[in-house]
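The block underneath contains the structure these notes are about, expressed in structure tokens.
The values are calculated or read from the model by the stated rules, or taken from the named source; none is laboratory data. The model shown is predicted, which means the values in this text are computed figures rather than measured ones. Don't worry about glycine lacking a Cβ; one is built from the backbone with ideal geometry, like all the others, and counts go over all protein chains shown.
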Amino acid sequence: GIELGKLLASTGYITYDPGFVNTGAASSAITYIDGDAGILRYRGYPIEQLAEKSTFIEVSYLLIYGELPTEAQLADFTGRIQRHTLLHEDLKAFFSGFPRDAHPMPVLSSAVSALSTFYQDSLNPFDEPNVELSTIRLLAKVPTLAAYAYKKSVGQPLLYPDNSLGLVENFLRMTFGFPAEPYEVDPAVAKALDLLFILHADHEQNCSTSTVRLVGSSEANLFASISAGINALFGPLHGGANAAVLDMLEGIRTDGGDVASFVNRVKNKEKGVKLMGFGHRVYKNYDPRAKIIKNTADEILGKISGGDQLLDIAKALEETALSDEYFIERKLYPNVDFYTGLIYRALGFPTKFYTVLFALGRLPGWIAHWREMINDPQTKIGRPRQIYTGHAARDYRPLSER
Ligand code: ACO
């Protein structure tokens, strides 16, 4: 493939592939997807096994370093992350500069971008110990930044990390706890969030990961590249879909809960009306992550919130769509985000924050891809070509003659 690409480039031919539907932009050993068979594996391990048996911190290690950690490796990795959870005090001032009702995604991406200014000692993309330090700093500090973004949005005081806690527990405490008040982490909530993070941890060359690779291909540092990935994830067709699903379900409930008429509006392609949480560029059978979430949604929602009316609307919507020709013909199935918003809601997060949770889950995947890209001898600066459709050459006319 690489040789053919080089040959075509030398002949001047350009492949026109809007949306990169059929373009392999990288070779990668991290994640395998078979979209027709509904298969997803991280480093060869089926997502179903990781979801059942692993933890997010272990999956992060697996994605970044290629193997499941031994007990000693996991303890060392966890310890290093725990030692880096604190933020520089000056970053607090940074948070107070945003308007109170700011969306937490741009707040998070700005804060991650700002890490380049605070950690100038770990910016060289080719210095392995420094890349390792940036990796640990990101894994440790992004949950703290995310919790600060939450606290900022609700006007509550910030909490320092408690490094006796695990990554997910610490994040929950910093988000929902109060200074000087004990906070008991509900193990069911921590387990649910850990599972969702595992399911989001990587998905090969999706829009945000491709962005991280593209920015990194210019040899921009890891913080700058991850910040760009967070901005790509913000869009409603990508990570923003989890919040858009909730808005859609609430809209249907407000309109009296008529699922069939909403589906008709989708089929009639009314402007701006899509079945959010449905469809995927690669999965044309089912999204295995959605299957795992659906199986656990009832259990989690029952345990945490005692049931949810919006879950009934979601199920009715799914049932209607799955038996409808429009969706069958186009191979549109629920994707990972169809049910996650409902779970995040039950865990107590506001809708605006759902995409931040996606970013926390995707972080190890972005880092793994950036590191793979920077060490790949085939990497070149990403620089697509175009098919020019503008004017042919023409002469400049002075202002008085136009
Ligand atoms: N609702 C209604 N129709 C849809 C939907 C949908 N959710 N998704 C695709 N279609 C239709 C398109 O209108 C198109 O119809 P046409 O052939 O009559 O023109 C056909 O299905 C093919 O769709 P494309 O847009 O070409 O598919 P693409 O691969 O480019 O897009 C995407 C994939 C962006 C995920 C799309 O399905 C979508 O917008 N879904 C809703 C948003 C969403 O849930 N995003 C989350 C994706 S998963 C993730 O990022 C974690």
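Pairs meeting the criteria (first residue in the stretch 365-391 and assigned to a loop (DSSP other than H, G, I, E, B), second residue modelled with pLDDT under 95, beta carbons under 6 Å, at least 6 apart or on different chains) are 385/14; 387/16.
Among the residues of the stretch 214-224, is there at least one that is more than 11 Å from the ligand (Cβ to nearest atom), crowded, with 24+ Cβ neighbours inside 10 Å and aliphatic (A, V, I, L, M)? Yes, the stretch 214-224 has at least one match. Please specify each residue of the stretch 115-172 satisfying the condition of being hydroxyl-bearing (Ser, Thr, Tyr), farther than 19 Å from residue 354 by Cα and in contact (Cβ under 8 Å) with a residue 12 or more places away in the chain. 116, 119, 122, 134, 135, 160, listed by residue number. Out of 291, 274, one residue alone is surrounded by 15 or more Cβ atoms within 10 Å (Cβ to Cβ) and more than 10 Å from the ligand (Cβ to nearest atom). It is 291.
Quick check on the stretch 243-256. Is at least one of its residues part of a loop (DSSP other than H, G, I, E, B), away from the ligand (no atom under 12 Å from the Cβ) and free of Cβ contacts under 8 Å to residues at least 24 places away in the same chain? Within the stretch 243-256 (the criterion being part of a loop (DSSP other than H, G, I, E, B), away from the ligand (no atom under 12 Å from the Cβ) and free of Cβ contacts under 8 Å to residues at least 24 places away in the same chain), the answer is yes, since at least one residue qualifies. Is it the case, given these coordinates, that residue 231 is more than 21 Å from residue 104 (Cβ to Cβ), surrounded by fewer than 23 Cβ atoms within 10 Å (Cβ to Cβ) and not aromatic (Phe, Trp, Tyr)? Criteria not met by residue 231.
Scanning the stretch 210-224 for residues that are farther than 18 Å from residue 355 by Cα and not basic (Lys, Arg) yields 214, 215, 216, 217, 218, 219, 220, 221, 222, 223, 224. Among the residues making up the stretch 317-351, those that are away from the ligand (no atom under 16 Å from the Cβ), of a type outside the set (Lys, Arg) and part of a helix (DSSP H, G or I) are 346, 347. Among the residues of the stretch 229-242, are any within 10 Å of the ligand (Cβ to nearest atom), assigned to a helix (DSSP H, G or I), touching a helix residue (DSSP H, G or I) at 6+ places or on another chain (Cβ under 9 Å) and at pLDDT below 95? Yes - at least one qualifying residue is present in the stretch 229-242. Per the listing 184, 204, 169, the residue uniquely surrounded by fewer than 24 Cβ atoms within 10 Å (Cβ to Cβ), assigned to a loop (DSSP other than H, G, I, E, B) and at pLDDT 95 or above is 204. The residue of the stretch 84-105 that is farthest from residue 243 (Cα to Cα), among those that are modelled with pLDDT of 95 or more and not aliphatic (A, V, I, L, M), is 84. Whenever a residue of the stretch 344-363 is on the phi < 0 side of the Ramachandran plot, its partners that are within 15 Å of the ligand (Cβ to nearest atom) and charged (D, E, K, R), lying with C-beta atoms within less than 7 angstrom and at least six residues away or across chains, give the pairs 351/247. Scanning the stretch 189-209 for residues that are away from the ligand (no atom under 16 Å from the Cβ) and either among the small types (Gly, Ala, Ser) or closer than 17 Å to residue 356 by Cβ (or both) yields a total of 5. Counting only helices (runs of 4 or more DSSP H) wholly contained in the stretch 1-114, the ones carrying 3 or more residues that are exposed (fewer than 13 other Cβ atoms within 10 Å of the Cβ) and more than 19 Å from the chain's Cα centre (by Cα) occupy 2-11, 47-53, 71-83, 90-96. Of the residues in the stretch 207-222, at least one is hydroxyl-bearing (Ser, Thr, Tyr), touching a Gly at 6+ places or on another chain (Cβ under 6 Å) and in a helix (DSSP H, G or I). If you go through the stretch 262-284 and keep only what is basic (Lys, Arg) and in contact (Cβ under 8 Å) with a residue 12 or more places away in the chain, you end up with 267, 281, 284. For the stretch 115-152, taking the residues that are touching an Asp or Glu at 6+ places or on another chain (Cβ under 9 Å), assigned to a helix (DSSP H, G or I) and not aromatic (Phe, Trp, Tyr), the one that is nearest to residue 194 (Cα to Cα) is identified as 133. Among the numbered conditions (1) more than 10 Å from the ligand (Cβ to nearest atom); (2) of a type in the set (A, V, I, L, M, F, W, C); (3) surrounded by 19 or more Cβ atoms within 10 Å (Cβ to Cβ), the only one that residue 260 does not meet is (3).
Is there a residue in the stretch 230-252 that is among the hydrophobic types (A, V, I, L, M, F, W, C) and over 30 Å from residue 309 (Cα atoms)? The answer is yes, given that some residue of the stretch 230-252 is among the hydrophobic types (A, V, I, L, M, F, W, C) and over 30 Å from residue 309 (Cα atoms).
Would you confirm, using the coordinates I've provided, whether residue 301 is more than 10 Å from the ligand (Cβ to nearest atom) and under 21 Å from residue 201 (Cα atoms)? Taking the combined requirement at face value, the residue does not satisfy it. All of 383, 330 fail the test of being surrounded by fewer than 23 Cβ atoms within 10 Å (Cβ to Cβ), among the basic types (Lys, Arg) and within 30 Å of residue 127 (Cβ to Cβ), apart from 383.
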